[in-house]
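Visitor: Handing you this structure, nothing more for now.
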Amino acid sequence: MSKRTHYYEGFLQLSYLEERYNYLQEKGFLVYGAVITGPTKELLKLREEADFIDVQVGDVALWNRLYKGERI
């Protein structure tokens, strides 16, 4: 057993992930909403992605790295 396999199966107890992944690949899944953050220009690129049916902007907050993520 490799170190990586041992880590996933032993420590993280994630040995079931491959089974779950295969199920999702076979059956598919829908996501009805998500909250994401990032640079405006990058987020606007999501409009061009075929996987996204509708992109809406909700709450917008300015973030300044100098103030460690505090809203301004």
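The values are calculated or read from the model by the stated rules, or taken from the named source; none is laboratory data. Keep in mind the model is a prediction, meaning the values are calculated, not measured. We place every Cβ from the backbone using ideal geometry, glycine too, and count neighbours over all the protein chains shown.
Visitor: How many residues are surrounded by 10 or more Cβ atoms within 10 Å (Cβ to Cβ) and either at pLDDT 70 or above or aliphatic (A, V, I, L, M) (or both) if we restrict to segment 46-72?
Guide: Going through segment 46-72 one residue at a time, the tally reaches 3.
Visitor: Quick check on my filter: what residues within segment 1-45 are over 26 Å from Val55 (Cα atoms) and among the basic types (Lys, Arg)?
Guide: Listed by number, the residues that qualify are Lys3, Arg4, Arg20.
Visitor: Something else now. If you go through segment 41-56, how many residues are farther than 19 Å from Phe29 by Cβ and under 17 Å from the mean Cα position of the chain (by Cα)? Even if it seems obvious, please write down each step before you answer.
Guide: Of segment 41-56, the ones farther than 19 Å from Phe29 by Cβ are 41-45, 47-48, 56.
Adding the requirement that they be under 17 Å from the mean Cα position of the chain (by Cα) leaves 42-45, 47, 56.
Number satisfying all stated conditions: 6.
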